[in-house]
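The structure appears right after this line, and notes come after that.
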Amino acid sequence: MSRQLLLCLWISVAAGPVLADIGNGLPVPGAASDTTQVYATKHNYLLSLPRLLWTWMVYPVGQMTIYTEHEELPQRAKKLFTNEAETFGIFPQVQLGGETDTGVGARLFHTDLFDDEQSIEMLYVFSHADRQRAEMFYQDPHPGGRFYWELHGDYMDTDHDDATINGVTDGRADLEALLEAAGQDALFEQLSADARIAVGWRSQAGPLQDYRAGLTAELRGGWALRDLAAQAAGPALDLNGETSTTTASSVPGLGESLTYGWVGVRLAWDDRDAAAPQTELSHSL
């Protein structure tokens, strides 16, 4: 007890001068007055006009962003197109430009088919009677432990001038003149279809498989259709004659219709998101 009393007395003596300097917080009588002056630049409305214009432009965007986050509009919009469990949904799709030009369509997905975690996703976009495309993807993640299999499908029908097949006219004023005289925008129509299947094995499986370094091996195969023979209404081209181009004559299959099958093998080692498991706490609880 005597030690505690001595400690309190020592603290009181040591803090005395400091408390005396602080006083009651009021100015000390007779002290020199503060001569500090604050200078404010005069406001120039002409020079601040660009800033004001920019503020007025971005203000609605900022307020809309805040409102969107506060009201959770993206989540509420998503619920309009999905079921309560968010395992099935149909979303409207808008495509701007591309090989089939601007169009509209829908995307459908299901991530728990047959209550077995099988997933499927389908897309269809309609731009014109002669410009359509579709995609399909199906995956069964666990038919047998670390094994899985996938099915892909693609379809495209287009006669748009932005299609890859119609790039042969780039830089050819004579061919562009023929198209203009015929009132056409494109030389060729293109019809393509693909079906691919992959059976694979992965060294890691489970919910954390994407976060662990692992090996993936796949056996792939597929069937493809390429119809590059159809020509859009307009001038007829001799792909091997004077109206051909270096690009056109060098493209295998241009002006022909062909189908073919293929098979391949894929081996991949992926450790991009892998991290050593944490076995010790970084700090005490």
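The values are calculated or read from the model by the stated rules, or taken from the named source; none is laboratory data. All values derive from a computational prediction rather than experimental measurement. Cβ: placed from backbone, ideal geometry, glycine included. Neighbour counts: every protein chain shown.
Odds and ends about this structure:
- Annotation: of all residues in region 176-203 being at pLDDT below 85 and in a strand (DSSP E or B), the one that is surrounded by the most Cβ atoms within 10 Å (Cβ to Cβ) is 188.
- Scanning region 141-163 for residues that are more than 30 Å from residue 208 (Cβ to Cβ) and in a loop (DSSP other than H, G, I, E, B) gives 159, 160, 161, 162, 163.
- Within region 37-75, restricting attention to residues that are among the charged types (D, E, K, R) and exposed (fewer than 10 other Cβ atoms within 10 Å of the Cβ), the residue that is farthest from residue 91 (Cα to Cα) is 42.
- Residue selection: residue 212 fails the criterion of being under 27 Å from residue 135 (Cα atoms) and at pLDDT 75 or above.
- Flag if residue 97 is over 25 Å from residue 150 (Cβ atoms), exposed (fewer than 10 other Cβ atoms within 10 Å of the Cβ) and modelled with pLDDT under 90: no
- Residue check for residue 76: among the basic types (Lys, Arg) and in contact (Cβ under 8 Å) with a residue 12 or more places away in the chain: no
- Across region 204-220, the number of residues qualifying as touching a residue at least 24 places away in the same chain (Cβ under 8 Å), closer than 12 Å to residue 271 by Cα and either surrounded by fewer than 16 Cβ atoms within 10 Å (Cβ to Cβ) or hydroxyl-bearing (Ser, Thr, Tyr) (or both) comes to 5.
- Taken together, 74, 60 contain a single residue that is modelled with pLDDT under 90 and not assigned by TED's automatic domain parsing to the domain that holds residue 190, which is 74.
- Boolean, residue 154 is out of contact with any Pro (no Cβ under 9 Å at 6 or more places or on another chain) and surrounded by fewer than 15 Cβ atoms within 10 Å (Cβ to Cβ): no
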